[in-house]
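> This structure is in structure tokens; I'll ask about it shortly.
The values are calculated or read from the model by the stated rules, or taken from the named source; none is laboratory data. This structure is a prediction, so every number in the text was calculated from the model and none was measured. Positions of Cβ are generated from backbone atoms using ideal geometry, with glycine treated the same way; all protein chains shown enter the neighbour counts. Just so you know, the surface numbers come from the protein's heavy atoms only, side chains and all, with ligands and any DNA or RNA stripped out. Shrake-Rupley method; radii C 1.70, N 1.55, O 1.52, S 1.80 Å.
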Amino acid sequence: MSLVRGTLFNLYLLLLTLIMGIAAFPIRLSNKDAWALRYAKLWSRAVLWGLRTLCNIRITLTGTEHLPTGPFLIASQHQSFFDGFVWMNAVPLPAYVIKQELTKIPLVGPMLLLSGMIPVNRTGGSQALRTLMERVSHAQERGRQIILFPEGTRTKPGERVSLQNGIVALARQAKTPIIPVATNSGLFWPRSPWRKYPGTLIIAIGEPLPTLRGRMLIPAIEHAWDKLSDTHALPRDRVTQDPPS
């Protein structure tokens, strides 16, 4: 059944993206970023509706009381493509830090840029980091909430990897609350593009981290993830790709 669910959802996602991508041309011509963001939110809601309806994946978002008003930075675990959809409607003005390759996807890429997502060249070294810091600073001046995946790439549920040092520079510059987030999304939407597993997907939001400087921030994020994982029974330090029972 996981293969059937995954195939149906992939067909739905492809058709949805194609139709909405073509229908977005007037917004692209208008060059209105606010319109593009609202359209992106609509697309994300439709994607999550497909997950619930076709794959029987229920989404539980806990700890929303920890989200402050105004700009802040979310430091989230990243296990699945799902993570790229959930925050579009969970915060008012989301701005994901995304890999630059996503902006080259036909129909999707131009809307990502117009809606205010922030591309980063992961092989660009110090110059790419400076550019990223400038874009994040500009986005937060406009009240945007930055969604960042400090692990740098998707990981397996329970896998522990070294966090990217770039988050230290971003946090030092941003001077806004940093919100840790843990998840088990990889159990339901794994790396395999053709399988989706039913169950309750958890997004656990932690309390804002205390003001920290330098490399003390990285262990603080990891400690917060450990605590959230323990509280909500999420995979941590034991790699698993087994679907939930």
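> Take region 91-135 and flag every residue that is farther than 18 Å from I27 by Cβ, assigned to a helix (DSSP H, G or I) and in contact (Cβ under 8 Å) with a residue 40 or more places away in the chain.
Answer for region 91-135, where residues must be farther than 18 Å from I27 by Cβ, assigned to a helix (DSSP H, G or I) and in contact (Cβ under 8 Å) with a residue 40 or more places away in the chain: L129, M133.
> Which residues, taken from region 145-175, are surrounded by 18 or more Cβ atoms within 10 Å (Cβ to Cβ) and more than 30 Å from T200 (Cα to Cα)?
Residues satisfying the conditions are G166, V168, L170, A171, A174.
> Here is a list of conditions, (1) open to solvent by less than 30 Å² (accessible area, probe 1.4 Å); (2) more than 13 Å from the chain's Cα centre (by Cα), and Q79 meets all of them except one; can you say which number that is?
(2)
> Right, another one. Residue under question is N89, and the condition is that it be touching a helix residue (DSSP H, G or I) at 6+ places or on another chain (Cβ under 6 Å), under 24 Å from G199 (Cα atoms) and open to solvent by 20 Å² or more (accessible area, probe 1.4 Å); does it hold?
yes
> Look at D226 and say whether it is at positive phi and of a type in the set (D, E).
Taking the combined requirement at face value, the residue does not satisfy it.
> On to the next question. Using the structure shown, decide if T231 is out of contact with any helix residue (DSSP H, G or I) (no Cβ under 6 Å at 6 or more places or on another chain), modelled with pLDDT of 95 or more and exposed (fewer than 14 other Cβ atoms within 10 Å of the Cβ).
Answer is yes for this residue.
> Do the conditions hold for R45, that is, is it surrounded by fewer than 16 Cβ atoms within 10 Å (Cβ to Cβ) and either in a helix (DSSP H, G or I) or among the aromatic types (F, W, Y) (or both)?
yes
> Ok, one more. I need every pair where a residue in region 202-222 that is over 24 Å from G186 (Cβ atoms) and open to solvent by 90 Å² or more (accessible area, probe 1.4 Å) has its Cβ under 9 Å from the Cβ of a residue that is outside any helix (DSSP H, G or I) and at pLDDT below 90, sequence separation at least 6 or different chains.
Partner pairs satisfying both residue conditions: T211/K175; R215/N165.
> Check G70, G63 and return the single one that is open to solvent by 20 Å² or more (accessible area, probe 1.4 Å), in contact (Cβ under 8 Å) with a residue 40 or more places away in the chain and small (G, A, S).
Matching residue, one of G70, G63: G70.
> Scanning region 163-221 for residues that are among the hydroxyl-bearing types (S, T, Y) and part of a loop (DSSP other than H, G, I, E, B), which turns out modelled with the highest pLDDT?
Looking at residues that are among the hydroxyl-bearing types (S, T, Y) and part of a loop (DSSP other than H, G, I, E, B), I get Y197.
> Additional query: Give the residues of region 1-27 that are open to solvent by less than 30 Å² (accessible area, probe 1.4 Å), assigned to a helix (DSSP H, G or I) and touching a Pro at 6+ places or on another chain (Cβ under 9 Å), sorted by residue number.
If the condition is that a residue be open to solvent by less than 30 Å² (accessible area, probe 1.4 Å), assigned to a helix (DSSP H, G or I) and touching a Pro at 6+ places or on another chain (Cβ under 9 Å), then S2, G6, G21 are the ones that fit.
> Could you pull out the residue among R215, R191 that is charged (D, E, K, R) and within 19 Å of the chain's Cα centre (by Cα)?
On the way: R215 fails: within 19 Å of the chain's Cα centre (by Cα).
The conditions single out R191.
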